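Everything on this sheet refers to the single structure shown next.
The values are calculated or read from the model by the stated rules, or taken from the named source; none is laboratory data. As the structure is a computational prediction, the values presented were derived from the model and not from experiment. Quick reminder, even Gly has a Cβ in these numbers, built from the backbone with ideal geometry, and neighbours come from all protein chains shown. Remember, those area values only see protein heavy atoms, side chains included, never the ligands or the DNA or RNA. Shrake-Rupley method; radii C 1.70, N 1.55, O 1.52, S 1.80 Å.
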Amino acid sequence: MKKLVVLSVTMAFLFIGLAAVFAGSARDTISIVGSSTVYPFATVVAERFGKGGQYKTPKIESTGSGGGFKLFCAGVGVEHPDITNASRRMKDTEFETCAKNGVTEIVEVKVGYDGIVVANAKSAPLLKLTRKALFLALAKEVPDPKGGEKVIPNPYKTWKSIDASLPDVKIEVLGPPPTSGTRDAFVELVMEEGANSYDWIKALAKSDVKKHKAITNGIREDGAYVEAGENDNLIVQKLEANKNAFGIFGFSFLDQNADKIKGSLIEGMEPTFENIASGKYPVSRPLFFYVKKAHAGVIPGIKEYVAEFTSDKTWGPDGYLSEKGLIPMPDAERKAFGEAAKNMTVLKSLK
Amino acid sequence: MPTVLLILILLGMSSAAFYLGHRRAVELSGRSSKKIALHSRPVYYGALTALWCGIPALLIFVFWLAFEGNIITRMVLSDLPARYRDLPDDRTNLLVNNIKNQVEGNIVSIKEDPDILQAAQHYRNLRSVSRTALGITVLSLAIGGILLVWRRIKPSFRARNHVETVVRCILIVCSIIAILTTIGIVLSVLYESIRFFKEVPLSDFLFGLEWSPQTAIRKDQVGSSGAFGAIPVLLGTALISAIAMVVAVPVGLMSAIYLSEYAGSRFRAAVKPLIEILAGIPTVVYGFFAALTVAPFIRNAGGYLGLDVSSESALAAGLVMGIMIIPFVSSLSDDFINAVPQSLRDGAYSLGATRSETIKQVILPAALPGIVGGVLLAVSRAIGETMIVVMAAGLAANMTVNPFKAVTTVTVQIVTLLVGDQEFDSPKTLAAFALGLLLFLVTLVLNIIALRVVQKYREQYE
Amino acid sequence: MSKSDPVDNNGPRRAIDIVREGLEKRYRAERRFRRNGFLAITISLFSLFVLFASMIINGYSAFWQTYIRLDIFFDAELLHQEALASADYDGLVKNALQTVFPDAQNRQERRDLFKLVSSGAAFELRKRVLDDPAIIDQRKSVWVLADDDVDMLIKGHQGRNLPESERRINNRQLQWLDFLKAENRIEKRLNWTFLSHGDSREPEMAGVWGATMGSFLTLIITLILSFPIGVAAAVYLEEFAPKNRWTDLIEININNLAAVPSIVFGLLGLAVFLNFFGLPRSAPIVGGFVLALMTLPVIIIASRSALKSVPPSIREAALGVGASKMQMVFHHVLPLALPGMLTGTIIGMARALGETAPLLMIGMVAFIVDIPKGFTDPATVLPVQIYLWADSPERAFVERTSAAVIILLAFLIIMNAAAVILRKRFERRW
């Protein structure tokens, strides 16, 4: 028995020893997490950056903007990521969480614009949608169709029941989960706007904020809206296979797969590069990435990666990212953010 | 002194120790005029010397290296200029990373900071001091070990027994590792699951009918309602496994019967390995095959026949999973069918039964417990299968038994919940562990039942 | 009575009559049954065949790659001596293309023209210049990688006959390509990139070498950990452990472990190795540990059955000539059981090579381009690479995923064949 105890103790030490030996090595690869919308752009930049030969190629994971912020704001240190991509701006609550965990020096870099499209297979009929129609199709609770100022659980099962001009097809939409920035942006730009087209709901924004939020932000859970994970490529494939389904994702995915899918018109506007850049297409949002300044001197290559991302040949109108579907910022804005990135100007507040 | 070199020297010394002990023992046995018989063969004396030389040294070596990193880091940090010493923990962490990168010769961010360079140099110095000390300690331990044993070598010294005790200890240690693994798995999954059940009651989980786990991840966000009822997910698993069994059991069983009863030995020798190949194909390949070829085929066929088949139907995933399980059912059944003695068959033939009648009425009933056990094991394999369903099945937790619709399974949900949000506090992530525990328990129960069935009902042939 | 006599309803029926009546039916049933059995085998083999055929048909073309020959003028004005590494090599490619097709004028046309060549071409040129700066200011004929859409078209996967809106190559690009082909500037060569590069965003530059190295490193750790520990544990449990309830429980536990779904091991890896021990994410070390835990029960079970199959007569004989128990085990039983143990290990390794689910949990599902060199570098493994590529909608990735599957299957067939040969040559039947 005594022998057994001695043995077990020795073994425990062996184990811990082995683990400690390996846990102590240093990291010299940049670790990036975040948005699945920015992922295609970030990976291209990372690959080119790595090919430069001086630094290791950054490792990029697609976790969704929200998931990325959670990991990013967990603290400063080698085991936490250095950069997070986001398809929406950081929220106040996230900024506070970051500050609480010691992540106080954050550099915000806007990289461009992206539209959100509601796409379906090329061979399926083209839909002409309005934001109000999308709200009625996807919300958890909608205004009672009979009238009055109350909401009921969403009764609409087909597109036609919302609007007679739409086809008589079951509502089936594949969209992002709550970890995704695209979801937050979609909720803000489409659901809220669509809901506010009802005057009484719009008035609620001032009188009862919580109720307003519950109505505008709630997305139905009865199976018509399927949360398809952080893998937008997979959604594209599923759309190809399922002619009745629609997908919600960033414009870049539509652009890169234009031979398989097409985007629905929203309020008469087709989702094209020009329409989004000029602002005519109403659903567009900026893309960002955030850097921990504290890591910039520690993990090799962060400054250089940021420089590569913010150079004109990358994010400019003739840059290689615009060929991937990124809509570049206007010149003045680009210059401002480029300067901020180069100087690692810290984000003071989100106002 | 680099670690690899030290290890090699240690090995060399152990070999030298072996030689020394061996020679000493041989010497001693032949020194006096008549040969004294050694207690053990000379090899054992050598082995004992080598073991006492090598093992304590090795243990100290690992021990030292484990803590060397931390201690040196602490010493280096305490010698840094004052402004570094007051940094909060996480900054210190980053600083340490910088220093270590410099030391290891990795690419470094700040090339010119003299403080870092100095600290790195300090680190290197301390490390070489430590390594030298380690070298001396280890070598002296090794030599001490050799001397200790060498002096005690006498013809009556029971070397073999000591060696065997040491070897036995090593064997026990290895077994303990294997056992610890079992316990470790159960404990880790259990721990996280208990944290989950504190937030979501067990009855809700087991009997709830709604599965929408994608809760909001921030205070100001509105996500799903966070319903964690596992029944739709379990139903999905059951549906796909059922389809897989419907494919695998008849095909597997009939293949086994044909191969063992009807086929000639050359046919058998050629076909059996081919069927075994099906078992060796990685599941990700099956998943890719299902998504690439099978699902579109079924959807098109369904469209042709006028049925509304989803592009990720349970049928596609179940079909491919069934193909994967065929070899399991086939080889297990084959073993049990072959175990039935020839005398039973001969008896049936002599009464005028045809082959199929013999099989249906004599052999299958005799081999039935084994076959049932095999089928249960195959079911547990189907339930735990991940990649095929991740790639070919859907994500919507539908409560349906229609094989043409998309359903989701336990394993798909585990993957979806954990690839992404990694915080171990939210019910969302912990739900994955609860599902994992459920999976583990169900497969455990199935395996135990399979074992019992085979043991209890197995025919005892004489 | 002859056979054709009708049955005599008045007399008792004879047994032979009853038998004869049912005989035809029984023979039919027998034939049906036999047919069913054969059908079952056919179904199994057919599925195997369809799987392999599907992979090969989709993937064989990945081993060739389209190259375009361009006359590149290494313009000294673009290549300044002081900044050779960061010069505008894209410009060189664009100039060369423009020279062949001066009719591409407006922005959209020029972009279409430049899209014919892969973005990796610039890096290829850069490598040449850095290796041999003497070629600056010279004109050379260089074969550069074509873009993956062009590649798909040349290989015939992208139908030329589809309407333009459903194609990725528009009509004008098609004209240009035809022109290049007429000038013998387009050629298909063996795709070494696929075998020597790591992952990439551009399908034409994506390769499996990074994943293969990752698999290799992970499997080494798995082997080093699981083989010695597994064999030692099996020897102890089989030969030395007392036969009581505890050891029975241990045997049941280990048997169950072998049947636990692999994803549960991934959960264990996540909770213990990453969270508790703090090992680096996505490293072969953690992957190796997790896979070792998974392979351990398989090796233990195989080793135990190998040990069990050595007949008692060998053991008794050894003990009879005076060997101690340990000598008996290590000198007599173990060598005889070793082929079985090795076979079990090889099969366990083959299973570990094909595992994906547990590695997804420990973070190997990231975009990793560099080839891993050590055990703590971020890496991915071959099955996970297949899983990642399977999601990409580009047609070129479908081809490459199938090719990667072919390579994985080839490795597995070699390993399993080695196990079978080992078993045939060395195993003794008692």
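When the accessible area of each residue in the stretch B:367-393 is compared between its chain alone and the complete protein assembly (1.4 Å probe; ligands, DNA and RNA ignored), which residues differ by at least 30 Å², being lower in the assembly?
SASA drop of 30 Å² or more in the stretch B:367-393: B:Thr386, B:Met387, B:Met391.
Please compute the Kirkwood hydrodynamic radius over the stretch C:28-167, one decimal place, Å, based on all pairs of different Cα atoms.
One over the average 1/r among Cα pairs gives 19.0 Å for the stretch C:28-167.
Show the residues, 5+ positions off or on another chain, whose built amide H is closer than 5 Å to the amide H of C:Asp75.
C:Asp137
Scan the stretch A:230-317 for trypsin sites (Lys or Arg not before Pro) in coil per DSSP, keeping those whose Cβ has at most 11 other Cβ atoms within 10 Å, and list them by number.
Counting only loop positions with at most 11 other Cβ atoms within 10 Å, none of the trypsin sites (Lys or Arg not before Pro) in the stretch A:230-317 qualifies.
Go ahead and collect, in residue order, the members of the stretch C:65-81 whose backbone nitrogen is under 15 Å from a label point 7 Å along the Cα-Cβ direction of C:Arg128.
C:67-76, C:79
Can you pull out the chymotrypsin sites (Phe, Trp or Tyr not before Pro) in the stretch A:296-351 that DSSP calls coil and that have at most 10 other Cβ atoms within 10 Å?
none
For the stretch B:113-195, what is the accessible area per residue in Å², given a 1.4 Å probe and the full set of protein chains?
That works out to 50 Å² per residue.
Compute the long axis of helix C:15-59 from its Cα atoms, compare it with the longest principal axis of the Cα atoms of chain C, and write down the angle in degrees, 0 to 90, nearest 10.
30
Could you work out the relative contact order of the stretch C:209-426, using alpha carbon pairs under 8 angstrom and six or more residues apart, expressed as a whole percent?
With pairs under 8 Å counted, the relative contact order is 32 percent.
What are the ³J(HN,Hα) values, in whole Hz, obtained from phi via the Karplus relation 6.51 cos²θ - 1.76 cosθ + 1.60 with θ = phi - 60°, for each residue of the stretch C:98-113 in sequence order, with x given for Gly and Pro?
So the J values, rounded to whole Hz, are 5, 5, 6, 10, x, 7, 7, 9, 6, 4, 5, 5, 5, 4, 4, 5.
Considering only protein heavy atoms, what is the solvent-accessible area of C:Asp148 at a probe of 1.4 Å, reported in Å² to the nearest 10?
10
With respect to the cross-link table entries A:Lys170/A:Lys243; A:Lys140/A:Lys170; A:Lys292/B:Lys428, which display a Cα-Cα separation exceeding 19 Å?
The answer is A:Lys292/B:Lys428.
I need the peptides C:87-96, B:351-360 ranked by packing, meaning the mean over residues of other C-beta atoms within 10 angstrom, with the highest value on top.
Listed from highest to lowest mean packing, they are C:87-96, B:351-360.
Under the rule of at least 5 residues apart or a separate chain, name every residue whose amide H is placed under 5 Å from the amide H of A:Leu174.
Correct list: A:Val226, A:Phe246, A:Gly247, A:Ile248.
Quick one: with all protein chains in place, what share of the accessible area of the stretch B:248-376 is carbon or sulfur, to the nearest percent (1.4 Å probe)?
That share works out to 64 percent.
In vacuum, with every alpha carbon of the stretch C:7-60 counted as one equal point scatterer, what does the Debye formula give for log10 I(q)/I(0) at q = 0.15, 0.16, 0.22, 0.23 Å⁻¹? Two decimals, please.
The computed values of log10 I(q)/I(0) come out as -0.64, -0.67, -0.84, -0.86.
When 1/r is averaged over all different Cα pairs and the result inverted, which Kirkwood radius in Å belongs to the stretch C:209-426?
Radius from the Kirkwood sum: 18.8 Å.
Pop out the carbon and sulfur fraction of the accessible area of the stretch A:108-256 as a percent, whole number, probe 1.4 Å.
Result for the stretch A:108-256: 52 percent of the exposed heavy-atom area is carbon or sulfur.
For the pair A and C, how large is the buried accessible area, both sides, in square angstrom to the nearest 100, if the probe is 1.4 Å?
3100
Give me the summed buried accessible area for the B-A pair, 1.4 Å probe, to the nearest 100 Å².
Roughly 4500 Å².
Which of the DSSP-defined H helices in chain B satisfy a minimum axial length of 30 Å, computed from C-alpha atoms, and a minimum mean Kyte-Doolittle hydropathy of 1.6?
Both cut-offs are met by B:231-257.
A drop of at least 40 square angstrom in accessible area, chain alone versus all protein chains together, probe 1.4 Å. Which residues of the stretch C:227-245 meet that?
C:Ile229, C:Ala232, C:Tyr236, C:Phe240
Output the 0 to 90 degree angle, nearest 10, between the alpha-carbon long axis of helix C:395-426 and the longest principal axis computed from the alpha carbons of chain C.
The two axes meet at around 40 degrees.
Quick check: the angle from helix C:209-235's long axis to the longest principal axis of chain C, C-alpha only, nearest 10 degrees?
On a 0 to 90 degree scale, this one is about 20.
Which value in deg cm²/dmol, rounded to the nearest 500, describes the helix-derived mean residue ellipticity at 222 nm for chain B, given -39,500 (n - 2.57) per DSSP H run of n ≥ 4 and division by the residue count?
The helix contribution divided over chain B gives -25000 deg cm²/dmol.
Are there trypsin sites (Lys or Arg not before Pro) in the stretch C:239-348 that DSSP puts in a loop and that have at most 11 other Cβ atoms within 10 Å, and which ones?
C:Lys243
Volume per residue, Å³, of the convex hull around the alpha-carbon atoms of the protein assembly as shown?
Once divided by residue count, the hull of the protein assembly as shown is 247 Å³.
Going by a 4.7 Å Cβ-Cβ cut-off, which cysteines of the protein assembly as shown have no partner at all?
B:Cys53, B:Cys169, B:Cys174
Summed for both chains, how many Å² of accessible area, to the nearest 100, are buried between B and C with a 1.4 Å probe?
The summed interface area works out to 6300 Å².
Which of the helices in chain A meet the span-like rule: DSSP H, Cα axial reach of 15 Å or more, Kyte-Doolittle mean at least -0.5?
Helices meeting the criterion: A:2-23, A:39-51.
With a 1.4 Å probe and every protein chain left in place, tell me how much accessible area C:Arg34 has, in Å² to the nearest 10.
100
Suppose all protein chains stay in the model; what accessible area per residue would a 1.4 Å probe give for the stretch C:62-201, in Å²?
With all protein chains present, the stretch C:62-201 gives 50 Å² per residue.
Counting just the Cα atoms, what span does chain A cover along each of its three principal axes? Round to the nearest Å and put the largest first.
Principal-axis extents of chain A (Cα, largest first): 77, 63, 45 Å.
Name the residues whose placed amide hydrogens come within less than 5 Å of the amide hydrogen of A:Val142, ignoring near sequence neighbours (fewer than 5 apart) on the same chain.
Under 5 Å from the amide H of A:Val142 lie the amide H atoms of A:Ile152, A:Asn154, each far enough along the sequence or on another chain.
To the nearest Å, what is the center-to-center distance of the stretch C:357-410 and the stretch B:359-378, using C-alpha atoms only?
Computed from Cα coordinates, the inter-centre distance equals 41 Å.
What is chain B's relative contact order, in percent, from Cα pairs under 8 angstrom and six or more apart in sequence?
Worked out over chain B, it gives 16 percent.
Eight or more residues apart or on different chains, and alpha-carbon atoms under 22 Å: count the Lys pairs in chain C matching that.
Step by step, the pairs that qualify in chain C add up to 22.
So what is the calculated 222 nm ellipticity per residue for chain C, using -39500 (n - 2.57) for each DSSP H run with n of 4 or more, over all residues, to the nearest 500 deg cm²/dmol?
-19500 deg cm²/dmol
Determine the calculated [θ] at 222 nm for chain A from helices alone, applying -39500 (n - 2.57) to every DSSP H run no shorter than 4 residues and normalising by the residue count; nearest 500 deg cm²/dmol.
Helices in chain A give a 222 nm mean residue ellipticity of -11500 deg cm²/dmol.
Round to a whole number: what % of the accessible area of the stretch B:44-195 belongs to carbon and sulfur, probe 1.4 Å?
66
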